[in-house]
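Student: This is the structure I have questions about; it appears just below.
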Amino acid sequence: MNGDNGVQLYSAHARELKFTQQHKIRKFIEQDCVQYVPVSEGGGYWIVHHIPGYNSTDYEVRQNRQFEFECNCQGWVTKHRMYQREPNGNNNPSCSHVGAVFEWLKRHNIERKRETVMIKLTEFCTGARA
Ligand SMILES: [Zn+2]
């Protein structure tokens, strides 16, 4: 009705919507964006590098006693704040970066079953529930 502007805005929005969390997680894995920094190198966390051409910020995902993982991206931090306000609202904080680390762990568990990272993670998860 009011010309090209509306159409343009609509398609930009639609494109954004199409880029869902699952799609993003797949991209992170495909582009090999997930990198584990070993404890021996001062790490013990994952860096989720940005998807080339989509975004430009790298985020850090760490193990978290309460939620298993935490991320320093805006999405996770916002959801965490919501969770703190309403802990029973079934809104456990999560984001595509944490999702990508889960996916990475799944693959590495299959590919390198005896990797100490996995053993440590299992111990961590068991300890967190106790
Ligand atoms: Zn994140």
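The values are calculated or read from the model by the stated rules, or taken from the named source; none is laboratory data. Here the structure is a predicted model, which is why all the values come from computation and not from measurement. Virtual Cβ from ideal backbone geometry, glycine too; neighbours counted across all protein chains shown.
Student: Out of curiosity, is Glu30 under 21 Å from His108 (Cα atoms), among the charged types (D, E, K, R) and either within 13 Å of the ligand (Cβ to nearest atom) or surrounded by 12 or more Cβ atoms within 10 Å (Cβ to Cβ) (or both)?
Tutor: No: the conditions fail for Glu30.
Student: Another question about this same structure. So which residues in segment 62-81 are more than 9 Å from the ligand (Cβ to nearest atom) and more than 20 Å from Val39 (Cβ to Cβ), if there are any at all?
Tutor: Gln66, Phe67, Thr78, Lys79, His80, Arg81
Student: Can you give me the number of residues within segment 80-129 that are modelled with pLDDT under 60 and either over 17 Å from the mean Cα position of the chain (by Cα) or acidic (Asp, Glu) (or both)?
Tutor: 17
Student: To continue, here is another question. Please find, among Val101, Val61, the residue that is buried (at least 18 other Cβ atoms within 10 Å of the Cβ) and either of a type in the set (Phe, Trp, Tyr) or not in a helix (DSSP H, G or I) (or both).
Tutor: Going through Val101, Val61 in turn, just one is buried (at least 18 other Cβ atoms within 10 Å of the Cβ) and either of a type in the set (Phe, Trp, Tyr) or not in a helix (DSSP H, G or I) (or both): Val61.
To keep it simple, each residue is scored yes or no on (1) within 15 Å of Phe102 (Cβ to Cβ); (2) out of contact with any Phe, Trp or Tyr (no Cβ under 7 Å at 6 or more places or on another chain); (3) at pLDDT below 75.
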residue	(1), (2), (3)
Gln8	no, yes, yes
Ser11	no, yes, yes
Arg26	yes, yes, no
Cys33	yes, yes, no
His50	no, yes, no
Asn64	yes, yes, no
Glu68	yes, yes, no
